1. Does A22 meet the test of being hydrophobic (A, V, I, L, M, F, W, C), closer than 17 Å to V148 by Cβ and in contact (Cβ under 8 Å) with a residue 24 or more places away in the chain?
2. Output the number of residues of region 156-193 satisfying the condition of being modelled with pLDDT of 95 or more, under 14 Å from the mean Cα position of the chain (by Cα) and either more than 17 Å from F95 (Cα to Cα) or among the hydrophobic types (A, V, I, L, M, F, W, C) (or both).
3. With the structure loaded, tell me whether R13 is of a type in the set (D, E, K, R) and outside any helix (DSSP H, G or I) or whether it fails that test.
4. Determine whether S116 is without any contact (Cβ under 8 Å) to a residue 60 or more places away in the chain, crowded, with 17+ Cβ neighbours inside 10 Å and not in a loop (DSSP other than H, G, I, E, B).
5. For V87, all conditions in the list (1) touching a residue at least 60 places away in the same chain (Cβ under 8 Å); (2) surrounded by fewer than 19 Cβ atoms within 10 Å (Cβ to Cβ) hold save one; what is the number of the exception?
6. Identify, by number, the condition in (1) free of Cβ contacts under 8 Å to residues at least 24 places away in the same chain; (2) in a loop (DSSP other than H, G, I, E, B) that R5 doesn't meet.
7. Mind counting the residues in region 121-138 that are assigned to a loop (DSSP other than H, G, I, E, B), in contact with a helix residue (DSSP H, G or I) (Cβ under 8 Å, 6 or more places away or on another chain) and either crowded, with 24+ Cβ neighbours inside 10 Å or without any contact (Cβ under 8 Å) to a residue 12 or more places away in the chain (or both)?
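The values are calculated or read from the model by the stated rules, or taken from the named source; none is laboratory data. All values derive from a computational prediction rather than experimental measurement. Cβ placement follows ideal geometry from the backbone for every residue including glycine, while neighbour counts extend to all protein chains displayed.
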Amino acid sequence: MSTIRLLPPGPARAVSAFDQFADDLIARRLRGKRSVDAVMYAASALGDHGVLWMLLAAGQAARLRDQEWRRPLLRALVGLGVESALVNGPVKWVFRRARPSYEGPRPLYLRMPRSSSFPSGHASAAFFGAALLRDGDSLWPLYYAVAVVVALSRVHVRIHHASDIVAGALLGAALGEIARSLVPLEAPAPAAG
């Protein structure tokens, strides 16, 4: 297992043990089952470059057509671009963690990233996208369920360690909340005075 740069030896061993436990659990219970592999490889592929979240934002805009839909769509598209540039640029550069090793053929095609493994950009984009799309939408639990599947898919296909997706999910959720507060969908009430 590859350790996370900047971690002291004790926490690094704990993270490695967590990663190994999660990978072993997925290998025993899920990996190699055709239907699960198909879902996980599809989720992983759709998560590339935030495509899934842009499609979900466009679908949400289409459902809200008779209401104000431009602002949430624009917020999601611009936000996903900024989130991706930040996480996949300077944040990954700081950590430069090696990805899990994978030997042998994969059951389905998957693009192989060249960036650092930590944190997971897929998990970050997933939880960022879910945070933005949840505003005023009754489908918000579905967005978070999809985010969990996308994040877990990266461990399933052995492109990320489990700690990468945990960190990515936390980072994406935090960035999503920041974006929601900086660009609220409802205009703030005028100050009394």
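1. Numbers: hydrophobic (A, V, I, L, M, F, W, C): yes; closer than 17 Å to V148 by Cβ: yes; in contact (Cβ under 8 Å) with a residue 24 or more places away in the chain: yes.
When the stated conditions are applied, A22 passes them.
2. Residues flagged as modelled with pLDDT of 95 or more, under 14 Å from the mean Cα position of the chain (by Cα) and either more than 17 Å from F95 (Cα to Cα) or among the hydrophobic types (A, V, I, L, M, F, W, C) (or both) within region 156-193 amount to 11.
3. Working: of a type in the set (D, E, K, R): yes; outside any helix (DSSP H, G or I): no.
Criteria not met by R13.
4. Numbers: without any contact (Cβ under 8 Å) to a residue 60 or more places away in the chain: yes; crowded, with 17+ Cβ neighbours inside 10 Å: yes; not in a loop (DSSP other than H, G, I, E, B): no.
No, not satisfied.
5. (2)
6. Unmet for R5, out of (1) free of Cβ contacts under 8 Å to residues at least 24 places away in the same chain; (2) in a loop (DSSP other than H, G, I, E, B): (1).
7. 1
To keep it simple, each residue is scored yes or no on (1) within 20 Å of the chain's Cα centre (by Cα); (2) surrounded by 15 or more Cβ atoms within 10 Å (Cβ to Cβ); (3) over 14 Å from I159 (Cα atoms); (4) polar (S, T, N, Q).
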{"position": "P9", "(1), (2), (3), (4)": "no, no, yes, no"}
{"position": "R29", "(1), (2), (3), (4)": "no, no, yes, no"}
{"position": "R34", "(1), (2), (3), (4)": "no, no, yes, no"}
{"position": "M40", "(1), (2), (3), (4)": "yes, yes, no, no"}
{"position": "A43", "(1), (2), (3), (4)": "yes, yes, no, no"}
{"position": "L46", "(1), (2), (3), (4)": "yes, yes, yes, no"}
{"position": "H49", "(1), (2), (3), (4)": "yes, yes, yes, no"}
{"position": "L52", "(1), (2), (3), (4)": "yes, yes, yes, no"}
{"position": "L64", "(1), (2), (3), (4)": "no, yes, yes, no"}
